[in-house]
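Engineer: Quick one: this structure, given as structure tokens, is what I'll be asking you about.
The values are calculated or read from the model by the stated rules, or taken from the named source; none is laboratory data. Source: prediction; values computed, not measured. A quick note on method: Cβ atoms are made from the backbone with ideal geometry, for glycine too, and the neighbour counts reach across all protein chains shown.
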Amino acid sequence: MARNQYAVIGLGRFGTSIARRLHEAGQEVLGIDINEESVENAEPYVTDSAIADSTEEKALKSLGITNFDCVIVAIGDDIQSSILTVMLLKNLGIKKIIAKATSKRHGQVLETIGVDWVIYPERDMGERVANQLLSPNMLNYIELSKDYNLEEIILPKKMVGKNLRELDIRARFKVSVIAIIRSGDIIISPSPDELLQNEDILVTIGNRNDLAKFSNLE
Ligand code: ADP
């Protein structure tokens with residue numbers, strides 16, 4: 001994996017989780033927070049850290065923020081600081097900015113000033129939990145558009161030992177199987193003759209409602 005440089009501004013629970021995961025994956029992460037204690041707590045999970053107020057242009061410049069590929073603004077409750085920080089980053093020409101929103105309004109403002117990816121952690125997690133309850137066989141999903149998802153679905157028991165040709169999943173359920181995950185290995189574009197095995201995970205694409213029906217099969 002290519003080594004990228006990330007800066008995470010705001011080392012609360014959300015910011016620290018992002019920094020930690022990126023750091024574990026071998027990426028270079030600079031953690032920034034106005035609060036000394038937050039910086040200290042996050043230190044084991046970042047490559048470098050700094051105590052700084054991200055609403056001050058001088059502070060951001062002296063940290064060399066313009067050298068980073070991606071900056072994540074994880075300031076939550078202090079909406080004013082979040083917006084000011086994003087505006088400064090935009091003016092400094094940062095290529096990719098990701099920011100956390102705590103409300104719909106906050107998110108709309110962030111989008112208007114050009115944040116590339118606005119994240120609503122609580123809303124998104126709530127949706128995830130509900131989707132998991134509605135489709136217990138669905139392990140993971142990515143929203144491709146308003147109506148279409150890519151989903152990892154545990155193979156329904158009654159399909160074990162059959163092949164994709166006889167199951168005719170695309171015609172019967174309007175769901176396309178693009179890969180099979182079997183014991184940790186991935187079979188990309190599986191052949192129609194591939195025999196499906198117990199505990200196979202199907203990587204599927206389709207309309208969200210069609211996928212929901214498919215993932216509720218026994
Ligand atoms: P979480 O819910 O993820 O814990 P918080 O809103 O509690 O989020 O945390 C946001 C972090 O952002 C805090 O650690 C806070 O000190 C930091 N923060 C707030 N304003 C600034 C700022 N102007 N510059 C840098 N860090 C800031």
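Engineer: What are the residue pairs meeting all of these: first residue in region 46-62, first residue farther than 15 Å from T85 by Cα and assigned by TED's automatic domain parsing to the domain that holds I75, second residue more than 9 Å from the ligand (Cβ to nearest atom) and not in a helix (DSSP H, G or I), Cβ atoms under 6 Å, and 6 or more apart or on different chains?
Structural biologist: Hits for this filter: V46/V29; V46/G31; T47/E28; T47/V29; D48/L30; S49/G31; A50/L63.
Engineer: Right, next: Name the single residue that is nearest to the ligand (Cβ to nearest atom) among those in region 1-30 being part of a loop (DSSP other than H, G, I, E, B), more than 17 Å from K100 (Cβ to Cβ) and not small (G, A, S). Lay out the reasoning, then the answer.
Structural biologist: At the first step, the residues of region 1-30 found to be part of a loop (DSSP other than H, G, I, E, B) are 1-4, 10-12, 25-27.
Narrowing the set further to residues that are more than 17 Å from K100 (Cβ to Cβ) leaves 1-4, 25-27.
Pick out the ones that are also not small (G, A, S) and you get 1, 3-4, 27.
Working: M1: 26, R3: 25, N4: 21, Q27: 19 Å.
By that ranking, first place goes to Q27.
Engineer: Right, another one. Quick one: is V175 assigned by TED's automatic domain parsing to the domain that holds V73 and of a type in the set (A, V, I, L, M)?
Structural biologist: Working: assigned by TED's automatic domain parsing to the domain that holds V73: no; of a type in the set (A, V, I, L, M): yes.
Taking the combined requirement at face value, the residue does not satisfy it.
Engineer: A further question follows. For region 63-81, name all the residues that are touching a residue at least 60 places away in the same chain (Cβ under 8 Å) and within 21 Å of R20 (Cβ to Cβ).
Structural biologist: The initial filter retains those residues of region 63-81 that are touching a residue at least 60 places away in the same chain (Cβ under 8 Å), namely 67-76.
Once the filter is applied, which keeps residues that are touching a residue at least 60 places away in the same chain (Cβ under 8 Å) and within 21 Å of R20 (Cβ to Cβ), region 63-81 yields F68, D69, C70, V71, I72, V73, A74, I75, G76.
Engineer: Now for a different question. Considering region 77-105 alone, what residues qualify as being part of a loop (DSSP other than H, G, I, E, B), of a type outside the set (G, A, S) and closer than 17 Å to G12 by Cβ? First the steps, then the outcome.
Structural biologist: The first filter runs over region 77-105 and keeps only residues part of a loop (DSSP other than H, G, I, E, B), leaving 77-78, 92-95, 101-103.
Going one step further and asking which of them are of a type outside the set (G, A, S), we end up with 77-78, 92, 94-95, 102.
The answer is D77, D78, T102.
Each row is one residue, and each column tells you yes or no for (1) closer than 25 Å to Q132 by Cβ; (2) modelled with pLDDT of 95 or more.
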{"position": "S145", "(1), (2)": "yes, no"}
{"position": "Y148", "(1), (2)": "yes, yes"}
{"position": "I153", "(1), (2)": "yes, yes"}
{"position": "M159", "(1), (2)": "yes, yes"}
{"position": "N163", "(1), (2)": "no, yes"}
{"position": "A179", "(1), (2)": "yes, yes"}
{"position": "I186", "(1), (2)": "yes, yes"}
{"position": "T204", "(1), (2)": "yes, yes"}
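Engineer: Filter region 106-152 for residues that are hydrophobic (A, V, I, L, M, F, W, C), surrounded by fewer than 16 Cβ atoms within 10 Å (Cβ to Cβ) and outside any strand (DSSP E or B) and give the result.
Structural biologist: I113, M125, V129, A130, L133, L134, L144
Engineer: Being assigned to a loop (DSSP other than H, G, I, E, B) and either over 28 Å from N209 (Cα atoms) or not basic (K, R) (or both) is the requirement here; does V71 meet it? First the steps, then the outcome.
Structural biologist: On the way: assigned to a loop (DSSP other than H, G, I, E, B): no; either over 28 Å from N209 (Cα atoms) or not basic (K, R) (or both): yes.
The answer is no for V71.
Engineer: May I pose another question? Just name the residue that is surrounded by the most Cβ atoms within 10 Å (Cβ to Cβ) out of those in region 31-48 that are in a helix (DSSP H, G or I) and polar (S, T, N, Q). Please lay out each step first, then the result.
Structural biologist: Our first condition is that a residue be in a helix (DSSP H, G or I); within region 31-48, this holds for 36-45.
In the following step, the residues that additionally are polar (S, T, N, Q) were identified as 38, 41.
Working: S38: 19, N41: 15.
Among residues in region 31-48 that are in a helix (DSSP H, G or I) and polar (S, T, N, Q), the one surrounded by the most Cβ atoms within 10 Å (Cβ to Cβ) is S38.
Engineer: Please go through (1) among the polar types (S, T, N, Q); (2) surrounded by fewer than 14 Cβ atoms within 10 Å (Cβ to Cβ); (3) in the same structural domain as G15 (by TED's automatic domain parsing) for S189 and return the number of the only condition it doesn't satisfy.
Structural biologist: Result: S189 passes all but (3).
Engineer: Please verify whether D78 is out of contact with any Ser or Thr (no Cβ under 8 Å at 6 or more places or on another chain) and more than 9 Å from the ligand (Cβ to nearest atom), treating the condition exactly as stated.
Structural biologist: Against the criterion (out of contact with any Ser or Thr (no Cβ under 8 Å at 6 or more places or on another chain) and more than 9 Å from the ligand (Cβ to nearest atom)), D78 does not qualify.
Engineer: Tally time: how many residues in region 44-53 are more than 11 Å from V8 (Cα to Cα), more than 23 Å from the chain's Cα centre (by Cα) and more than 8 Å from the ligand (Cβ to nearest atom)?
Structural biologist: Result for region 44-53: 1.
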